[in-house]
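The structure appears below as structure tokens.
The values are calculated or read from the model by the stated rules, or taken from the named source; none is laboratory data. Please read all numbers here as calculations on a predicted model, not as lab measurements. Neighbour counts run over all protein chains shown; Cβ positions are idealised from the backbone, glycine included.
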Amino acid sequence: MSKFELKLPQMGESVAEATLTNWLKEVGDTIEMDEAVFEIATDKVDSEVPSEVDGVLLEKRFEMDDVIKVGEVVAVIQVEGEVDNASDGDSAEKTTEEPAEVSAQELETQMVEVKESVSASTQDFSSTEKFYSPLVKNIAKEENVSMDELEAIVGTGKEGRVTKNDIMGYLESRSNGNQAKVESKPQPETVIEKTETPEPPKQALEEPKEPKAQIKAGDEMIPLTRMGKLIAHHMVESISTSAHVQSFVEVDVTNVVNWRNKVKNAFQEREGEKLTFTPIFMEAVAMALKKYPMMNISLDGDKVIKKKNINLGMAAALPDGNLIVPVIKNADQLNLVGMAKTVNDLAGRARNNQLKPDEVKDGTYTVTNVGSFGSVFGTPIINQPQVGILALGAIRKIPSVIETDQGEYIGIRSKMYLSHSYDHRVVNGALGGMFVKAVADYLEAWDINREI
């Protein structure tokens, strides 16, 4: 017998952690290869993590609502034969041979150590009615956190449970000589006396306090969903990271509208797919990124990472009102038929929560269609670590001046606004404006006789 360590997989360039939302298997359950073991959630996607081997679930390293870093071991699976990924001193177990015999004295010593370990892990928690996960208990023991300290920590987990992040935050605060985020309890005066020259608080790093909303009779309190909380956090983080500026361009898409109306029925009959405006716009954006590759970048400290692939994120609305951003990989290499099929597939599975982690990662630029909700234009927030995002406004029929060789006249045209938000730290106004103008030029030059 040997052990296989099931780790949290990489789920995206900007995703470093995930929340464990549900265990699908219990210790002792038989697991088949590719069978889901647990569910995780990020701000981008909810997903199941499958086993890479056949075996029996031997150990759970985390509890529900714990936050797990990418690469951390979440579960240990007992398997037949040898495996290569176990790292906790399992080299002696990576064989089917019988273990070496242990002397009676060594066995007795081991049993005493086990009993002492079990006793130490339980004696400090018998006097409390609060639930603490094994992980939190182990951290408390290793870091000499007393029960009084532990019970004073305000838990952010389900039903107020103390999570790994809560206790680690407390330890960091304690090591810095600061008071932890705990319930109102007097702190011993010796904490101040031990610090001869306390440093003044760094106010620049303090988060602004949110104003307290007044709840009156008849008001309804609706808690944010888990994904809603994560999205809110990342939106604020993006605003504080990137210097957002916007450029707006009005586009005449009359040729695009007329062409689509002419070919959409034949396209659906031939391809079995609907032809929406989205793949047309995505094609235009991909072409503009090829023309202006410095929009297809990320900023890493004081270095710019110029992306080789053009991977377009496509913001899609979910039934619960949240958004998710599936990614069209190598969008510049797809023809319009391939683009339409990819767009329809990703959008459909996004609405049914069937996207895989790999399908929401590695985006290099994002497009969001605010026009689908009737908005004429918008000022979208950049999807980190990208440096730009394009909002597509609603297509409207409006009276417009048309220039011809015979003169100018008023006609009915189909027009829309493109709203380009970009990171002014690395994208200046000239590049930001030229890029969105390139998208507009591509759409306005659409060939009404184009074959598909």
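I'm trying to understand the selection: among the residues of the stretch 365-418, which are among the charged types (D, E, K, R) and at pLDDT below 95?
Hits for the stretch 365-418 are Glu403, Asp405, Glu408.
Has the stretch 230-253 got any residue that is touching a His at 6+ places or on another chain (Cβ under 8 Å), of a type in the set (Phe, Trp, Tyr), surrounded by 11 or more Cβ atoms within 10 Å (Cβ to Cβ) and farther than 15 Å from Val367 by Cβ?
yes
For residues in the stretch 161-190 being charged (D, E, K, R) and over 27 Å from the mean Cα position of the chain (by Cα), which is modelled with the highest pLDDT?
Arg174
In this structure, does Asp29 turn out to be more than 24 Å from Gly169 (Cα to Cα), modelled with pLDDT under 75 and of a type in the set (Asp, Glu)?
no
So which residues in the stretch 370-394 are over 20 Å from the mean Cα position of the chain (by Cα), buried (at least 17 other Cβ atoms within 10 Å of the Cβ) and in a loop (DSSP other than H, G, I, E, B), if there are any at all?
So in the stretch 370-394, the residues over 20 Å from the mean Cα position of the chain (by Cα) come out as 370-379, 391-394.
This time we only want the ones that are buried (at least 17 other Cβ atoms within 10 Å of the Cβ), so: 370-371, 377-378, 391-393.
Within the stretch 370-394, Phe377, Gly378, Gly393 qualify.
Quick grid of which residues meet (1) more than 23 Å from the chain's Cα centre (by Cα); (2) part of a strand (DSSP E or B); (3) under 30 Å from Val337 (Cα atoms):
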residue: Ala213; (1), (2), (3): yes, no, no
residue: Leu230; (1), (2), (3): no, no, no
residue: His234; (1), (2), (3): no, no, no
residue: Phe248; (1), (2), (3): yes, yes, yes
residue: Lys264; (1), (2), (3): yes, no, yes
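Does Pro326 meet the test of being surrounded by 15 or more Cβ atoms within 10 Å (Cβ to Cβ) and over 19 Å from Ala440 (Cβ atoms)?
Yes: the conditions hold for Pro326.
Kindly provide the set of residues from the stretch 236-246 that are of a type in the set (A, V, I, L, M, F, W, C) and assigned to a helix (DSSP H, G or I), ordered by number.
Matches in the stretch 236-246: Val236, Ile239.
For the stretch 43-76, enumerate the residues that are in a loop (DSSP other than H, G, I, E, B), among the β-branched types (Val, Ile, Thr) and under 21 Å from Ile167 (Cα atoms).
Selection gives Val70 alone.
Can you tell which of Ser400, Ser298 is touching a Pro at 6+ places or on another chain (Cβ under 7 Å), part of a strand (DSSP E or B) and touching a residue at least 60 places away in the same chain (Cβ under 8 Å)?
Details: Ser400 fails: touching a Pro at 6+ places or on another chain (Cβ under 7 Å).
Unique residue meeting the criteria: Ser298.
Yes/no matrix, rows are residues, columns are (1) farther than 26 Å from Val337 by Cα; (2) free of Cβ contacts under 8 Å to residues at least 40 places away in the same chain:
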site: Gln384; (1), (2): yes, no
site: Asp405; (1), (2): yes, yes
site: Tyr409; (1), (2): yes, yes
site: Arg413; (1), (2): yes, no
site: Met416; (1), (2): no, no
site: His424; (1), (2): yes, no
site: Gly432; (1), (2): yes, no
site: Lys437; (1), (2): no, no
site: Ala440; (1), (2): no, no
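Would you mind stating whether Gly321 is within 25 Å of the chain's Cα centre (by Cα), assigned by TED's automatic domain parsing to the domain that holds Gly378 and either surrounded by 15 or more Cβ atoms within 10 Å (Cβ to Cβ) or more than 29 Å from Ile395 (Cα to Cα) (or both)?
Here the answer is no, as Gly321 does not meet what is asked.
Any residue at all in the stretch 140-156 that is out of contact with any strand residue (DSSP E or B) (no Cβ under 6 Å at 6 or more places or on another chain), modelled with pLDDT under 75, surrounded by 13 or more Cβ atoms within 10 Å (Cβ to Cβ) and not assigned by TED's automatic domain parsing to the domain that holds Met64?
So far as the stretch 140-156 goes, no, none of its residues is out of contact with any strand residue (DSSP E or B) (no Cβ under 6 Å at 6 or more places or on another chain), modelled with pLDDT under 75, surrounded by 13 or more Cβ atoms within 10 Å (Cβ to Cβ) and not assigned by TED's automatic domain parsing to the domain that holds Met64.
Among the residues of the stretch 333-355, write down those that are surrounded by fewer than 19 Cβ atoms within 10 Å (Cβ to Cβ) and not in a loop (DSSP other than H, G, I, E, B).
Of everything in the stretch 333-355, those that are surrounded by fewer than 19 Cβ atoms within 10 Å (Cβ to Cβ) and not in a loop (DSSP other than H, G, I, E, B) turn out to be Gln333, Leu336, Val337, Gly338, Lys341, Asn344, Asp345, Ala347, Gly348, Arg349, Arg351.
Determine the pairs where a residue that is under 18 Å from His424 (Cβ atoms), located within the stretch 231-248, has a partner that is part of a helix (DSSP H, G or I) and of a type in the set (Gly, Ala, Ser) with Cβ atoms under 6 Å apart, the partner being 6 or more residues away or on another chain.
Final answer for the pair search is Ser247/Gly432; Ser247/Gly433.
Quick one: in the stretch 301-318, which of the residues that are assigned to a loop (DSSP other than H, G, I, E, B) and surrounded by fewer than 16 Cβ atoms within 10 Å (Cβ to Cβ) is modelled with the lowest pLDDT?
Ranking the qualifying residues of the stretch 301-318, first place goes to Leu318.
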